[in-house]
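Note sheet for the following structure.
The values are calculated or read from the model by the stated rules, or taken from the named source; none is laboratory data. Here the structure is a predicted model, which is why all the values come from computation and not from measurement. As a convention, Cβ positions derive from the backbone with ideal geometry for all residues, glycine included, and neighbour counts pool all protein chains shown. Ligands, DNA and RNA are excluded from the accessible area calculation, which covers all protein heavy atoms including side chains. Shrake-Rupley method; radii C 1.70, N 1.55, O 1.52, S 1.80 Å.
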Amino acid sequence: MGAIVAIVGRPNVGKSTFFNRLIQRREAIVDAVSGVTRDRHYGKSDWNGKEFSLIDTGGYVLGSDDIFEQEIDKQVELAIEESDAIIFMVDVETGITGMDEDVANLLRRAKKPVFLAVNKVDNAKRAEDAVEFYALGLGDYYTLSSINGSGTGELLDDLVEVLPESEEVEDELPRFAVVGRPNAGKSSFINALIGEERYIVTDIAGTTRDSIDTKYNRFGFEFNLVDTAGIRRKAKVKEDLEFYSVMRSVRAIEHCDVCLLLLDATRGFDGQVENIFWLAQRNNKGIVILVNKWDLVEKDTHAVKLYTQKIKQAIEPFTDVPILFMSVHTKQRIFKAIETAVEVYKNRSKRIPTRKLNDVLLPIIEHTPPPAYKGKYVKIKYITQLPTPYPQFAFFCNLPQYVREPYKRFLENKLRENFDYTGVPITVFMRKK
C-alpha cells in the first residue's frame, strides 16, 4: 500500500499547478464546480523509484470568512490525520497571510513530517524574499516554481526519504472494499450481509471513522469485507465536499481487490461518486456499482434503463461494469451484489493462455489492422498476458510508437468481447518486436 502525501495551503498559491506537475498530466484543475475534473483531488506520482499517492486539498468556494475558516481547518486537520507527509505551499509574491498562519498553527502541532514549499520563486530577488517564511515556525523551507519545475527535485528528494516503505500484506482471502459517499448505506449493507449489527448506523454522515475489516464466510463465499468511512460530520455549507470521502477511501481502495461502489439512488451518480470510481479504475481494481435505496425512487418500466445509461455516460470509456439496483433496507438483491463481486474478482485474476490469445485475436487484427500513420504500416505479430495481479496485455509489433489510443481501445474491446473481463480495467501495452 503506497504512502499518501497531502498538499495543503490557501487558494491561489499554485497547489494545482504543482499537483499537475507531479502526476504528469496537463490538466487544469477546476475549482468552482464539484467533480468536473476527476484528477482534482487524487493522483499517483513517483520519485527515485518510490511511488506515492498525492492529495490536493485545494479548490474551495469562498462563501464567507467564517465558513471559509471552518472549511480550511477541517480539510487540513483531515489531511494531517490521513497522510504520511504534508507539503505546505505558500506564495512568495504575497508573503505570509493570516490564512497561512492558521494553517501553520495546525501543522506545528502535527506529528507528521511537514515540508514548507515557497512557490513562485523564479529569480534571485524572490529567493531573498522567501526568508520571511522562517517566521511560520516550521523550520527550513524549499523554494520552487510550480510552472517551470525549478526546485521541485530537492523537495521530492527529501520527501521520499521520510515516506514509509510500501507494505505488501499477504492475505489469501480476497478483499472487497465497500466505498462511496457518506450516508449511502455502506455500514447498513455490511450489517445486512453478516446478519448482525456489527457497525453503528445513524442518519448522520460520518458515523464510521475508520476502515474496518470483517471476515465473511457464508453460502460458499469467503472473503474480507472492508467498510470505509465517510466525512466526520455533516457540513451545513454549500462548498464542495468531495475531498473528505476521497481521503477516507484512498487507502481502502489501494489495498483491495474489488470495490463495491455504493451510491444513493435518490442522489444519483454525482461528482463525488464519480471521483471514487476513477480512483478504483486508476488503481486497476475490480468494480461493481451498487445503486442503493432503489425502493425510495419513483420509477416506471424504463427507470432502470435510463439510470444505467446515465451512469455509463459518466464512466465512459470504461463502461463494462456491472450495475445492480438494490435496497439494503428491504435486503433486495444484496446477495446478488456479493455473487457479482466474486465473479469480478475471478475475472480480475483470470489468466488467458498465450496460444489461445493469439488464435483468437490475430485473425481479428489481420481483418482490422492498425491504421497507417505517417505512411508507416504497423504489423502486430504476437500477444501475451503479463504476469501481474490484474489483466495487462503486451502486443508485440514492428512500430509500437505509431499505434494510437483509439486502436488500443479497439483491442481492449475485442479482449472484453472474447474473454469475460466485466468489471475489470484492462491495460494494453504496445511493445517492439
**Request:** Report the extension gain between Lys433 and Asn148 in nm, rounded to one decimal, defined as 0.36 nm multiplied by the number of residues separating them, less their alpha carbon distance.
**Result:** 98.9 nm
**Asked** Of Leu415, Leu106, Leu306, which has the most accessible area with a 1.4 Å probe, and how do the rest follow in descending order?
**Response** Leu306, Leu106, Leu415
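Going from most exposed to least, what order do Lys356, Lys432 have by accessible area with a 1.4 Å probe?
Order by accessible area, largest first: Lys432, Lys356.
On full extension of the chain, what length is gained from Gln401 through Tyr377, given 0.36 nm per residue of separation minus the C-alpha to C-alpha distance?
Length gained between Gln401 and Tyr377: 7.5 nm.
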**Item:** Surface per residue (accessible, 1.4 Å probe) for segment 254-327, Å²
**Value:** 39 Å²
**Asked** Relative to the present Cα-Cα distance, how much length would full extension add between Asp140 and Lys112 at 0.36 nm per residue of separation?
**Response** 8.6 nm
**Complete:** Per-residue accessible area, 1.4 Å probe, largest first, puts Thr301, Thr368 in the order Thr301, Thr368
**Request:** Note down the nm distance, to one decimal, between modelled labels 7 Å out along Cα→Cβ at Val131 and at Phe221.
**Result:** 6.5 nm
**Asked** For the pair Arg409 and Gln313, what calculated FRET efficiency results from E = 1/(1 + (r/R0)^6), where r is the Cβ-Cβ distance and R0 = 22 Å, to the nearest 0.05?
**Response** 0.85
**Fill in**
For the table Lys50/Lys111; Lys285/Lys346; Lys44/Lys120; Lys350/Lys379; Lys350/Lys381, the rows whose alpha-carbon distance is greater than 19 Å are Lys50/Lys111; Lys44/Lys120; Lys350/Lys379; Lys350/Lys381
**Request:** Work out the FRET efficiency for Ala303 and Trp278 from their Cβ-Cβ distance, taking R0 = 25 Å, and round it to the nearest 0.05.
**Result:** 0.45
**Over 27 Å between alpha carbons, listed pairs Lys408/Lys432; Lys299/Lys336; Lys305/Lys356** = Lys305/Lys356
**Percent carbon-and-sulfur accessible area, segment 279-393, ignoring ligands, DNA and RNA, probe 1.4 Å** = 53 percent
**Prompt:** Roughly how many Å² of Leu399 are accessible to a 1.4 Å probe, to the nearest 10?
**Reply:** 40 Å²
**Request:** Enter the accessible area of Asp300 (Å², nearest 10), with the probe set to 1.4 Å and all protein chains included.
**Result:** 100 Å²
**Item:** Cα→Cβ-extended label distance, 7 Å offset, between Lys336 and Leu173, nm
**Value:** 2.6 nm
